[in-house]
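The values are calculated or read from the model by the stated rules, or taken from the named source; none is laboratory data. Keep in mind that what you see is a predicted model, and the values were worked out from it rather than measured. Every residue, glycine among them, receives a Cβ derived from its backbone with ideal geometry; neighbour counts consider all protein chains shown. Protein only, heavy atoms only, side chains kept; ligands, DNA and RNA dropped before computing areas. Shrake-Rupley method; radii C 1.70, N 1.55, O 1.52, S 1.80 Å.
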Amino acid sequence: MDCEEWCEVSVDHEVVELDGVADRAGQQGQTMVKFLIETSGRPSQVSVDKSSGYPDLDAAAVSGVKAALLRPYIENGVARPIWAVVAITFKLN
């Protein structure tokens, strides 16, 4: 697999914290976040691929991905950068 081509991978994610504004406003939805997993496992070039329709939720999703430490993609024993997309879903309980 050529690691410079677009690849979709599954990413384990932590709970993304909101400041309470979105919760009080009753906002929920899903943000698709696109990013590059660097050889260090750090995400870079993080951006919203598809908006939830709520800027606060989109910003929280991007912030959560930027804070993540991921497993690097390994090909033939060597870490390689790879593009990923992850869906961050916000639901009210």
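Is it true that ALA67 is closer than 14 Å to VAL33 by Cβ and either under 9 Å from the mean Cα position of the chain (by Cα) or aromatic (Phe, Trp, Tyr) (or both)? No; evaluated as a whole, the condition is false for this residue. The set of residues in the range 10-66 being β-branched (Val, Ile, Thr) and at pLDDT 90 or above consists of THR31, VAL33, ILE37, THR39, VAL46, VAL48, VAL62, VAL65.
Could you check the range 40-83 and list, in sequence order, the residues that are closer than 30 Å to GLY26 by Cβ, of a type outside the set (Ser, Thr, Tyr) and open to solvent by less than 50 Å² (accessible area, probe 1.4 Å)? Correct list: PRO43, VAL46, LEU57, ASP58, ALA60, ALA61, VAL62, GLY64, VAL65, ALA68.
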